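Report on the structure given below.
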Amino acid sequence: MRAETNLWTTSCRERVTCPPLVQDLRADLVVIGAGFTGCSAALEAAGRGASVVVLEAKTLAHGGSGRNVGLVNAGLWLPPDAVVKALGAEAGGRLLQVLGAGPAAVFERIETHGIDCEATRNGTLHLAHAPAGLRDLQSRLRQGRAIGAPLELLGAQETRARTGSAGFHGALLDPRAGTVQPRAYCTGLARAAQAAGARIHAHSAVTSVSRDAGGWQVVANGHRVTAKALLVATNAYHHGLSGLPAPRYVKVRYSQFATQPLPPELRARVLAGGEGCWDTALVMTSIRMDQAGRLILGGMCDASGAGARIHASWARRKLRHLYPALADLPFVHQWQGDIAMTRDHIPKIVECGPQGYAVFGYSGRGIVPGTVFGAACAEALLEQRPDALPLPSRACYTEPFCKTLGAYYEAGATLVHALTPAPVGRPRA
């Protein structure tokens, strides 16, 4: 098994210090989890003049926020019609509107707070891996334009010009979107929140949560944080703590492989515009470039588990298929992260009690939903305004067969990756 070498950890230029909790504290809001959601909530709360304490079990952005692909996408993984069908016209329409404006909210925070996170706002490309994928993109184009999204469907030739690969049948361009260095973005949110007065404590795993007449009582490192409001923002990295039911979701692993920086002549041909990409395959693949010119290939799989050799071999074959000129370029970074997936692929805001929410289930779309949901939850909790939420909260949520489905998805990904053929014939440019 290959040791994890997370590119985002080594290339993060943002810095912030988050000491462990060493004393009892009182706050208006206590947040569990220092990822996109938790740090965005802390920034919003502190900006409103509230006192806020964030407790993180490990290090800042340890979970999916530091392992993300870095695509600043508008909307959810689902097409718009599916969102409306699941939530209804009013709630679904509101969520689509909020998330459609989400990339602008992310890039506005980056600019306002001077976050050094390789922000590139040149759009994203949803790539048709097969003719059936192109038909799916045509449907998404119709649905997106019906709600005012400025989408554009690209043909195979234009897609090849933008990606530098002949491996796709077309692409759906969303100019609202872009890419960031995800760990740096999260770290920048934390830095800005601290500057506004928030207290963020790493290595402070919460062991119990309770509520009494004094408000929420959250215990970490043997110390107690007493707060009027509570936000649980652990997403796929929720660990056992007493006093609250655990969020229910299917945990799916996503792995990434990054090359060394490309030579200048190849860098000018491969994703020269800096668009982030993912494809229409059932077992999804993503590709993007970072600022230093490394190509980053991702896939839904666990490259650190039992199928590690199969997934590593697939990554090499996939790179050779998409970019024959890069066939022998070594992967020098490999890492993986967990996705909290729900059966309808729509995030959940679950009520923990009076002035308490748990947010989870971004299904791989963490950056924009985490940013806007975190800020909205802070506003809703502090102002006692549930109408500020991007979708209605619910008293409870159940997700059956979580472990079974997680194993099923990994087994399926392993089988698909094992059966993916090696390129044959003349290499395509």
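The criterion of at least 1 residues that are under 30 Å from Leu230 (Cβ atoms) and acidic (Asp, Glu) is met, among strands (runs of 3 or more DSSP E) falling completely within the range 105-215, by 206-212.
Scanning the range 1-31 for residues that are buried (at least 24 other Cβ atoms within 10 Å of the Cβ), under 29 Å from Arg253 (Cβ atoms) and out of contact with any Gly (no Cβ under 7 Å at 6 or more places or on another chain) gives no hits.
Is there a residue in the range 329-339 that is of a type in the set (Val, Ile, Thr) and open to solvent by less than 10 Å² (accessible area, probe 1.4 Å)? Checking the range 329-339: not a single residue is of a type in the set (Val, Ile, Thr) and open to solvent by less than 10 Å² (accessible area, probe 1.4 Å).
When the residues of the range 244-288 are filtered to those that are touching a Phe, Trp or Tyr at 6+ places or on another chain (Cβ under 9 Å) and aromatic (Phe, Trp, Tyr), the one that is most open to solvent (accessible area, probe 1.4 Å) is Tyr249. Among the residues of the range 22-45, those identified as under 27 Å from the mean Cα position of the chain (by Cα) and among the hydrophobic types (A, V, I, L, M, F, W, C) are Leu29, Val30, Val31, Ile32, Ala34, Phe36, Cys39, Ala41, Ala42, Leu43, Ala45. Out of all the residues in the range 367-417, which are among the β-branched types (Val, Ile, Thr) and crowded, with 20+ Cβ neighbours inside 10 Å? Selection gives Ile367, Val368, Thr371, Val372, Thr414. The conditions of being touching a strand residue (DSSP E or B) at 6+ places or on another chain (Cβ under 8 Å) and more than 30 Å from Ile32 (Cα to Cα) are met by Asp174. None of Arg288, Arg267, Arg294 is touching a residue at least 12 places away in the same chain (Cβ under 8 Å) and more than 23 Å from the chain's Cα centre (by Cα) except Arg267. The condition of being more than 20 Å from the chain's Cα centre (by Cα), over 20 Å from Ser40 (Cβ atoms) and surrounded by 15 or more Cβ atoms within 10 Å (Cβ to Cβ) does not hold for Gly123.
Yes or no, residue by residue, for (1) among the hydroxyl-bearing types (Ser, Thr, Tyr); (2) farther than 25 Å from Val232 by Cβ:
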{"position": "Asn68", "(1), (2)": "no, no"}
{"position": "Lys85", "(1), (2)": "no, yes"}
{"position": "Gly88", "(1), (2)": "no, yes"}
{"position": "Ala91", "(1), (2)": "no, no"}
{"position": "Gly102", "(1), (2)": "no, no"}
{"position": "Thr112", "(1), (2)": "yes, yes"}
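Between Val225, Val219, which is part of a strand (DSSP E or B), closer than 14 Å to Gln23 by Cα and touching a residue at least 40 places away in the same chain (Cβ under 8 Å)? Step through it out loud before you land on a result.
On the way: Val219 fails: touching a residue at least 40 places away in the same chain (Cβ under 8 Å).
Testing whether each residue is part of a strand (DSSP E or B), closer than 14 Å to Gln23 by Cα and touching a residue at least 40 places away in the same chain (Cβ under 8 Å) leaves just Val225.
Would it be correct to say that Glu4 is charged (D, E, K, R), in contact (Cβ under 8 Å) with a residue 24 or more places away in the chain and closer than 16 Å to Gly64 by Cβ? Yes; evaluated as a whole, the condition is true for this residue. Against the list (1) touching a Phe, Trp or Tyr at 6+ places or on another chain (Cβ under 6 Å); (2) closer than 30 Å to Val209 by Cα; (3) not basic (Lys, Arg), the condition Phe331 fails is (2). Restricting to the range 64-90, name every residue that is hydrophobic (A, V, I, L, M, F, W, C), surrounded by fewer than 19 Cβ atoms within 10 Å (Cβ to Cβ) and assigned to a helix (DSSP H, G or I). Scanning the range 64-90 gives Ala82, Ala86, Leu87, Ala89. Per this entry, Trp314 is counted among residues that are aromatic (Phe, Trp, Tyr) and either more than 22 Å from the chain's Cα centre (by Cα) or assigned to a helix (DSSP H, G or I) (or both).
Kindly provide the set of residues from the range 17-63 that are small (Gly, Ala, Ser) and not in a helix (DSSP H, G or I), ordered by number. Before the answer, list the steps.
At the first step, the residues of the range 17-63 found to be small (Gly, Ala, Ser) are 27, 33-35, 38, 40-42, 45-47, 49-51, 57, 61, 63.
Within the range 17-63, Ala27, Gly33, Ala34, Gly35, Gly49, Ala50, Ser51, Ala57, Ala61, Gly63 meet the criteria.
Residues in the range 134-148 that are buried (at least 20 other Cβ atoms within 10 Å of the Cβ) and either at pLDDT below 95 or of a type in the set (Gly, Ala, Ser) (or both): Gly144 alone. Looking at (1) under 23 Å from Gly178 (Cα atoms); (2) part of a loop (DSSP other than H, G, I, E, B); (3) more than 21 Å from the chain's Cα centre (by Cα); (4) of a type outside the set (Asp, Glu), find the lone condition where Pro245 falls short. Every condition holds for Pro245 apart from (1).
The values are calculated or read from the model by the stated rules, or taken from the named source; none is laboratory data. A quick note: this is a predicted structure, and the numbers were derived from the prediction, not measured. Cβ atoms come from the backbone with ideal geometry, glycine included; neighbour counts cover every protein chain shown. When the accessible area is computed, the model is the full protein with side chains, heavy atoms only, and any ligands, DNA or RNA have been set aside. Shrake-Rupley method; radii C 1.70, N 1.55, O 1.52, S 1.80 Å.
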